[in-house]
Amino acid sequence: MLFSGELKNPCKTQYSMRKLILVSLLTGTTFIAFSQTDSSAFFLQKGLEEKTIGRRMESLKHFEKAYQYKNDDKQIVSELAAAYLDLRRYAQAKQKFQELEKLGDKSDSTYRQLMLLSFNMRQFDDVIHYASLLKKVKPSEHTAYYLGKAYYAKEEYGLAIKYFDYAAKENPQNAEIPYTVARAYADMMNFKKSIEYFHKAIALKPDQSRWIYEMALMYYALPDNANALKYMLEAGEKGYRKDNEYMTNLAVAYLNAGKPEEGITILKDLLQKRPTDINLLTMAGEAYYDTRKYDDAIAHFDKILEVDENNASALYMIGMSFQKKGDKQKGQALCDKAIEMDPSLQSLKSKKQMPGGF
């Protein structure tokens, strides 16, 4: 009877079954949520224990598992961000600190880490963004140095110098500040201001041979030949690598400072290593010409023609050397031939014939 009665009321039976299924699903959902929370707490605790005893990789694995169960927990995200940072996995660390910000952590420590991570990753627009946010939540925070470096990297030199001026007041012993300002002025071809800041930087770090060498190049650009040579030599004395570039510039500094013998000696040594270097041969040839050693000048310009027979400038200098030796006719013929090859040498001819010229 009961069986036949249930058949007579199928709607009621189906409703009861749907209700039972719905309750079961709800119960199941509640159970699953509890399990996830419980698991995230378990792995978080394990991660903290491993962190305490210095097992960084093991603690990271546990924090990552905790995050899989609950990715909106501030403590878990914070620990995970710190773990990535500790292991220098900067991209992942930055991502987690950004998640932390989205979860509502807009603290100075979070913005400081985001600024520093952006700086380490050379993401300079982000440096500017997070430095601004950091300054808002903590006005006393020193952000000017990072802003200066960011704007310098973006080649916005006016803003870079502005923030480095602030940074110098915040940290007057940081030699990188005046050094980068010196580089900014150098990039703008303002060599006098560049030298001013190079001196400030070197006063803070006297043994920075690279900075001294760069300052010597600024003196060369002015030009101030005596100081260019002085600081070129000082850079070498303080350990700057004496490679071909350095030795070539040192030779030029000697020549420009009126010390041709020293310059020629260096050029001869360089040509032993690079015998067909046209730039070195040209400098040596001109140095011999200036010191009235015309046969040596001709020999070096001849070597240029062996490498490049169409080098009109070398041919012209050979012609001038013959004229200085007293063979006017041969010299003039060679100069005329060079001018035919390169008409622009006509202006050089006029300068050579001026009083006080070659």
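The ranking of 124, 63 by Cβ neighbour count inside 10 Å, starting from the fewest, reads 124, 63.
Specify whether the C-alpha gyration tensor of the stretch 200-256 places it in the rounded, prolate or oblate class, a ≥ b ≥ c being the square roots of the eigenvalues: rounded for a/c under 1.5, otherwise prolate if a/b is larger than b/c and oblate if not. Oblate, because a/c is 1.5 or more while a/b does not exceed b/c.
Summed over qualifying helices (DSSP H, 4 residues or more, each -39500 (n - 2.57)) and divided by its residue number, the chain shows a 222 nm mean residue ellipticity of -25500 deg cm²/dmol.
Quick check on the stretch 109-162: take the gyration tensor over C-alpha atoms, sort the square-rooted eigenvalues as a ≥ b ≥ c, and tell me if it's rounded (a/c under 1.5), prolate or oblate.
oblate
Here residue 221 and residue 95 are evaluated by their C-beta separation; at R0 = 41 Å the FRET efficiency comes out at 0.35. Taking label positions 7 Å along the Cα-Cβ direction at both residue 129 and residue 233, the computed distance is 5.3 nm, reported to one decimal. What fraction of the Cα pairs in the chain, stated in percent, has a spacing above 32 angstrom? Result for the distance tail: 62 percent.
Grab the Cα-Cα distance for residue 58 and residue 138, subtract it from 0.36 nm times how many residues apart they are, and report the gain in nm with one decimal.
Computed gain between residue 58 and residue 138 is 25.3 nm.
Distance from the Cα centroid of the stretch 228-301 to that of the stretch 146-204 is 32 Å (rounded to whole angstrom).
Laboratory data are not the source of any read-out in this text; all were calculated from the coordinates shown. Quantities reported herein were computed from a predicted structural model and do not represent experimental measurements. With ideal geometry, Cβ positions are generated from the backbone for all residues, glycine too; neighbour counts draw on all protein chains shown.
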